There are 2 protein chains.
Amino acid sequence: MAATKGTAVRERIATQKHAFVREEILNVAANLIASQGFRAVTMDTIASTMGYTKSVIYYYFKNKNEILWEIFSKRYESFLHNVTTIIEEGGDPGAVLGKILRAHAICVMTNPSFTAVYNREVSELNNTQRRKLDRMHRDYDTLFEDVFKVGVKSGTFRNLNPHVTVAGMLGMCNSLYVWYNEDGPLSAEEIAETYVTILCSGCLSKPGED
Amino acid sequence: MAATKGTAVRERIATQKHAFVREEILNVAANLIASQGFRAVTMDTIASTMGYTKSVIYYYFKNKNEILWEIFSKRYESFLHNVTTIIEEGGDPGAVLGKILRAHAICVMTNPSFTAVYNREVSELNNTQRRKLDRMHRDYDTLFEDVFKVGVKSGTFRNLNPHVTVAGMLGMCNSLYVWYNEDGPLSAEEIAETYVTILCSGCLSKPGED
């Protein structure tokens, strides 16, 4: 019994350790790829930065492409998680749009190296991954477009093309990865607030009443 | 006398022909680099796409880097030309901001392969070129920020951080290169108008009065 329990604990620790090391490898790889570009970074570079041999990295990831795809998946999951949670909570479209845009902008500024890789290295994904990413983006944009459409229908928002509007809004927030600096004078929250103010009041059909 | 005149004409034609071929090479190179990435495109690829030998391309451009930098310079010049012309014409800050944002957005959608290269291939420039580009971007952003500051001072615009606001506005317009399709259902003018509406009314301090 004790032995079984011991085995279970050991297995749990091993699983957690495995997840922890994978996470650390992804963080190091994202930083390296963001600053040097995907092609310049090798499994060797990642290993030596962490004080590991290359075989350790290969124990956790099949190849560099698997690391890249995991960075994309993780970034997308954080975008999606925040936004779906807010939408499920419900509320009037003006308030919901503000909240999901704020969440998106803050996510772009959290771990900026992940966002940099996400925005710059799409061409390094294989065709299957690119098609999957396109679908993910369409699904994600649709979440925003649906909130916007409800607001247009209820008369809260101007009757603008939802696809063009949402693409522009997310484009504004995504561009933060180019210049946002964690050590800069403004916090991520202050910057996100500026964009939410412009975007939400810019969409209101009766702008005086926000 | 006639011989001298003949020489002048021949030289003028030669100069124009030289400029024309350079322009054609840049257009072909921009399309190739936008679709395949800078590293995948060789002087050979450019030459064979145009039905030339490689030596013809080398007659017009020293190397691939000179072609890349010329694409960046040309794109920047068109951005700058449109915006400075509008600012020189003057007007109230609300109207001027709308006009320069519209001009910028339309420029992004004109020759989209130039914009794609401009946004994606910065890492392929050498250090001198990157420093030069950084200065060009700062100068360009300052043009927009100055218009915005005048509008804040006069009470037209909300008192938002000019740097963050302008970076976001241009970020929204620049993101068009990712998805804008010349053969899509909406014209460049219609899309630009949607963004100008959102951005300008989103900045107004008394939004009911736009």
For the pair A and B, how large is the buried accessible area, both sides, in square angstrom to the nearest 100, if the probe is 1.4 Å? 2100 Å²
Where the accessible area of the stretch B:16-138 is counted over protein heavy atoms with a 1.4 Å probe, how much of it, in %, is carbon and sulfur? 50 percent
Suppose you put the label 7 Å out from Cα in the Cβ direction; list, shortest first and in nm with one decimal, how far A:Lys5 is from each other copy's label. 11.0
What are the nm distances, shortest first, from A:Ser55 to its equivalents in the other copies, labels at 7 Å along Cα→Cβ? 5.4
The stretch B:139-196 to the stretch B:100-121: how many Å between their Cα centroids? 13 Å
Expressed per residue, the solvent accessible area of the stretch A:39-156 in Å² (1.4 Å probe) is about 50 Å²
Mean residue ellipticity (222 nm) of chain B, computed from DSSP H runs ≥ 4 via -39,500 (n - 2.57), nearest 500: -25500 deg cm²/dmol
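Would you mind checking the pairs B:Lys99/B:Lys132; A:Lys153/A:Lys206; A:Lys99/A:Lys132; A:Lys74/A:Lys132; A:Lys54/A:Lys74; A:Lys206/B:Lys206 and listing those with alpha carbons more than 19 angstrom apart?
Too far apart for the 19 Å limit: B:Lys99/B:Lys132; A:Lys99/A:Lys132; A:Lys54/A:Lys74.
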If you take the beta carbon distance between A:Glu182 and B:Thr53 as r and set R0 to 45 Å, what does 1/(1 + (r/R0)^6) give as a FRET efficiency, to the nearest 0.05? 0.35
For B:Phe157, enumerate residues with amide H under 5 Å from its amide H, sequence gap 5+ or separate chain, H modeled in the peptide plane. B:Val152, B:Ser205
Got a sec? Which residues of the stretch A:168-183 lose 20 Å² or more of accessible surface with every protein chain in place, vs. that chain alone, 1.4 Å probe? A:Gly168, A:Gly171, A:Met172, A:Ser175, A:Trp179
Subtracting the Cα-Cα distance of A:Lys206 and A:Thr42 from 0.36 nm times their residue separation yields 53.6 nm
Per its Cα gyration tensor (rounded if a/c is under 1.5, else prolate when a/b beats b/c, else oblate), the stretch B:58-97 is best filed as prolate
Using a 1.4 angstrom probe on the protein heavy atoms only, could you order A:Leu32, B:Leu143 from most to least accessible area? B:Leu143, A:Leu32
Residue with peak Gaussian network fluctuation, chain A [Cα springs, cutoff 10 Å], from A:Ala14, A:Ala40, A:Ala29: A:Ala14
For the stretch A:34-58 versus the stretch B:42-66, the gap between their alpha-carbon centres in whole angstrom: 35 Å
Label points 7 Å out from Cα along the Cβ direction at A:Ile87 and B:Lys74: separation in nm? 4.1 nm
Within the stretch A:33-94, which trypsin sites (Lys or Arg not before Pro) sit in a loop by DSSP and count at most 12 neighbouring Cβ atoms inside 10 Å? A:Lys62
Kyte-Doolittle mean at least 1.6 and Cα axial length at least 18 Å: DSSP H helices in chain A: none
Taking a ≥ b ≥ c as the square roots of the eigenvalues of the Cα gyration tensor, with a/c under 1.5 meaning rounded and otherwise prolate when a/b exceeds b/c and oblate if not, the protein assembly as shown is oblate
Could you state the per residue volume, in Å³, of the convex hull enclosing the Cα atoms of chain A? 167 Å³
Compute a Gaussian network model of chain A, connecting alpha carbons closer than 10 Å, and tell me which residue from A:His163, A:His18, A:His104 fluctuates the most. A:His18
Considering chain A as a Gaussian network with a 10 Å cut-off on Cα pairs, which listed residue, A:Leu125, A:Leu199, A:Leu186, attains the greatest mean-square fluctuation? A:Leu186
Only Cα pairs under 8 Å and at least 6 apart count here; give the relative contact order of chain A as a rounded whole percent. 21 percent
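The values are calculated or read from the model by the stated rules, or taken from the named source; none is laboratory data. Just so it is clear, the structure is predicted and the values come from calculations on it, not from any experiment. Using ideal geometry, Cβ is built from the backbone for each residue, glycine included, and neighbour counts are taken over all protein chains shown. The protein model used for the area step is the full one, side chains on, heavy atoms only, and it has no ligands, DNA or RNA in it. Shrake-Rupley method; radii C 1.70, N 1.55, O 1.52, S 1.80 Å.
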